[in-house]
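K.L.:
My questions all concern the structure below.
The values are calculated or read from the model by the stated rules, or taken from the named source; none is laboratory data. Here the structure is a predicted model, which is why all the values come from computation and not from measurement. Backbone-built Cβ (ideal geometry, glycine too); neighbour counts: all protein chains shown. We work out accessible area using only protein heavy atoms, side chains counted, and drop any ligands, DNA or RNA first. Shrake-Rupley method; radii C 1.70, N 1.55, O 1.52, S 1.80 Å.
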Amino acid sequence: MTNTATDNNSSTGSGAAPAASPTATITFADFGLDPLIQKAVAEQGYNNPTPIQAQSIPHVLAGSDLMGAAQTGTGKTAAFVLPIIQKILRHASNSASPARHPIRALVLTPTRELAVQVADNAANYSKHTDLRTAVVYGGVDMKEQVQVLRNGVEILIATPGRLLDHIGSKVANLSQVELLVLDEADRMLDMGFLPDLQRIINLIPAQRQTLLFSATFSPEIKKLAQSYLRSPVTVEVARQNAAADTVKQVVHLVNSMDKQRAIVKVLENRTRQGLSRQCIIFTNSRLGCAKLARALERDGIKAGAIHGDKSQGERTLTLEAFKSGAIEALVATDVAARGLDIPDMPCVINHELPFNAEDFIHRIGRTGRAGSKGDAIALVDDSEKRLLDDIEKLMKRKLEVAPLPDVKSTPGQITDPFFYKPYEPGGALKSANADSAQATQLPDVKKAGITPAKPAVGALLGGFKKK
Ligand code: AMP
């Protein structure tokens, strides 16, 4: 049986607060969280819980299993980490003995990036307690992780494959786990983790509390929940299969060959509008990702690539460079679609549409987080129209199709071709400057508040005159 919790903005969107906006009427003190946890939360600068936190925390504290439909950026990590800390705080010990620090809470995530992010949050929220947190994921040496696990840890965040490695070598023992979290469960299923998940869950005592978070509730997710959750409460804070309302979405129809140039235009346009150029650009393949990053660099855009062929160290460095602003365009495959916690990400560009419509929602979930405004731009060529249909069906809305910004015709920015090019007899407007050809077209010039001179005169006098 499934209970549904109050759903303050799941269905209509009529006047409801955005999913990530903190709910002003409730405070963290209302949950009865230990002062050590409240102190850590206050240090994070959180004044009020977000809707997913407001709705989930009381149920988790009460011991219910829970299915949370929450987009990235809604504050879902604290929604499960805070009550987990509260529930296992009674076991906290300052003893050095590993036996006093068995794994009490296990959080499984699909990607290393998400694992690291959840672990960072857990370490922050528990920093005033004696509880220990650790993270284990694949792709890096096991030695250090082995040592951490041997020392003992109460809250473990792990990707499934690496956790099974540690279990296989008897370094990790799940027999005292009381709370299990499946974070971004839909993604774990997409990535083929179901057999690993089943093996892991079978090693955890049946007397446990299980929390499942997923951006979307597909039939497979519901089946997973039926198998492993008991009478879960369902909490939804955003319309299912929808992007945050704070994201402005637009589609530009372009030829596949022109997509790179389109990105340059989009970024130039953002500069001219005084908007941040920081963006994540999604591609479908590792090769395409690396190629696009290099090509953008050649176009003078500070770009970096993050995909599955990069080592963990490289990914971390690239992410840090992106967060510091040294990189303005992070070109990524879906491995980065999840788990990157970049607050106020202003813009996401889909260089290609994903094959799986749900991935589109995850991708654009990188922007418009925690109530901030964001732009999601999709570059769509003819071959992708079917994918666009699938996305629109899933999101239950048509996306606005708009022409690419005509950067050269932005008011105040118009370049006078004659000013830069020496006068060519007979060349007049059309030969003035191939790159500025669009700037010479009448409608754009009109938009820019400029009166074109008669071509012949214009050629002699140096082009257009301002009114
Ligand atoms: P998450 O959905 O867990 O990835 O969280 C998204 C972002 O929201 C993170 O940067 C969190 O630090 C931030 N956040 C989480 N809870 C709150 C809150 N109650 N108030 C303000 N920001 C929050």
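K.L.:
Ordering M191, M395, M142 from largest to smallest accessible area (1.4 angstrom probe), what's the sequence?
P.N.:
M191, M142, M395
K.L.:
Report, by chain and number, residues whose modeled amide H sits under 5 Å from the one on G138, excluding near sequence neighbours (fewer than 5 apart, same chain).
P.N.:
For G138, whose amide H was placed from the backbone, the distant partners under 5 Å are T159, R162.
K.L.:
Same structure again: Using amide H atoms built in the peptide plane, which far-off residues or other-chain residues are under 5 Å from V251 H to H?
P.N.:
Result for V251 returns A378, E400, V401, A402.
K.L.:
How big is the shadow of the Cα convex hull of segment 3-236, averaged over all directions, in nm²?
P.N.:
Value for segment 3-236: 12.2 nm².
K.L.:
Related question: Sticking with the crude label model, points 7 Å out along Cα→Cβ, report the distance from N48 to F355 in nm, one decimal please.
P.N.:
Each label point lies 7 Å from its Cα, and together they span 4.4 nm.
K.L.:
Continuing with this model, one more query. In nanometres, what is the gap between the two model label sites at A96 and L194, each 7 Å from Cα along Cα-to-Cβ?
P.N.:
Going from the A96 label point to the L194 one covers 4.8 nm.
K.L.:
Dipole of segment 3-236 (Lys/Arg Cβ +1, Asp/Glu Cβ -1, origin at the Cα centre): which of P110, L66, A172 lies farthest to the positive side?
P.N.:
Of the options given, the answer is A172.
K.L.:
Also: Net charge near E352: determine it from the other residues with C-beta under 9 Å of the C-beta of E352, scoring Lys and Arg +1 and Asp and Glu -1.
P.N.:
Here the charged neighbours net out to -1.
K.L.:
Moving on to the next point. Which one, L211, A99, S227, is farthest towards the positive end of the dipole of segment 97-255 when Lys and Arg carry +1 and Asp and Glu -1 on their Cβ?
P.N.:
Looking along the dipole axis, the top candidate is A99.
K.L.:
With charges set only on the Cβ (+1 for Lys and Arg, -1 for Asp and Glu), what does the dipole of segment 3-236 come to about its Cα centre, in debye to the nearest 20?
P.N.:
Around 620 debye, computed over segment 3-236.
K.L.:
Suppose we look only past 11 Å in the calculated P(r) of segment 49-91. What percent of the Cα-Cα pairs does that tail hold?
P.N.:
Of all Cα-Cα distances in segment 49-91, 62 percent exceed 11 Å.
K.L.:
I would also like to ask the following. For segment 3-236, with all protein chains present and a 1.4 Å probe, just round the carbon and sulfur fraction of the accessible area to a whole percent.
P.N.:
Carbon and sulfur atoms account for 49 percent of the accessible area of segment 3-236.
K.L.:
Let me ask another. Based on the Cβ-Cβ distance from T27 to E314, what FRET efficiency comes out when R0 is 45 Å, to the nearest 0.05?
P.N.:
Calculated transfer efficiency: 0.60.
K.L.:
Across segment 3-236, how many lysine pairs, 8 or more positions apart or on different chains, have C-alpha atoms separated by under 25 Å? Please give the number.
P.N.:
10
K.L.:
When the C-alpha atoms of segment 144-227 are aligned to their principal axes, what extent does each axis show, in angstrom, from largest down?
P.N.:
39, 26, 18
K.L.:
I'd like to check one number: the per residue accessible area of segment 172-238, probe 1.4 Å, reported in Å² as a whole number.
P.N.:
Numbers: 2640 Å² over 67 residues.
Ligands and nucleic acids excluded, the result is 39 Å² per residue.
K.L.:
At L61 and D120, where each label point lies 7 Å from the Cα along Cα→Cβ, what is the point-to-point distance in nanometres?
P.N.:
2.8
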